[in-house]
Amino acid sequence: MSQASKISSRVVQRFSFGRGLAWFLLLIFIFISIFPVYFVLKTALTSHKVLGESASSFLPAEATFFNFARVLGLVPSEAAQAAGASAETINFVGALQITCLYVLVTVVGQILFSALAAYAFARLRFPGRNILFF
């Protein structure tokens with residue numbers, strides 16, 4: 001038997017109920033993970049006036065980049081109010097700074113506490129260690 005036929009025989013696997021169930025569950029988890037991103041993009045591409053009317057449609061009824069321009073400060077407040085949005089200006093840079101600070105503190109804290117926990121699991125023996133590690 002040649003090497004190529006050995007490899008091809010290993011690649012082809014029979015379909016089983018367990019394998020089909022695993023793929024089905026995987027597809028459900030992928031859908032659950034991607035749906036919020038789709039919903040955010042659909043909402044961002046829909047104007048304020050049409051948002052309530054087209055809530056049940058799969059695609060935005062009137063796709064527009066107006067919301068993105070407004071957030072970046074490219075639309076005057078009068079035009080935003082005329083489009084059905086609030087006339088209040090959005091401080092995008094300030095919100096971005098707060099988000100970056102939050103992410104930085106969260107990541108540094110997570111790395112610090114994860115390293116301490118990893119050291120404890122690697123060096124210390126204590127009751128319930130395997131259960132906690134699991």
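The table that follows gives values for the structure above.
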read-out	value
Most positive-pole-ward Cα, ALA87, GLY109, PHE134, against dipole of the chain from beta carbon charges	PHE134
Span-rule helices in the chain, defined as complete DSSP H runs reaching 30 Å or more along the axis (Cα) with Kyte mean at least -1.0	17-44, 92-123
Computed over the chain: relative contact order in percent, which uses C-alpha pairs under 8 Å that are six or more apart	13
J(HN,Hα) series, segment 62-67, from Karplus relation 6.51 cos²θ - 1.76 cosθ + 1.60, nearest Hz, glycine and proline x	10, 5, 8, 9, 4, 5
Gyration tensor verdict on segment 91-134 (Cα atoms; rounded if a/c is under 1.5, prolate if a/b is larger than b/c, oblate otherwise)	prolate
Bins of 5 Å, starting at 0 and running to the largest distance - Cα pair percent for the chain	2, 7, 9, 8, 9, 10, 10, 10, 10, 9, 8, 5, 3, 1, 0, 0
Ordering of 42-50, 109-117 by burial proxy (mean other Cβ atoms within 10 Å per residue, highest first)	42-50, 109-117
Computed E for VAL107/PHE24 - FRET, C-beta separation, R0 30 angstrom, nearest 0.05	0.30
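None of the figures in this text is laboratory data; all of them are computed from the coordinates on show. Source: prediction; values computed, not measured. Note that we place each Cβ from the backbone using ideal geometry, even for glycine, and neighbour counts take in every protein chain shown.
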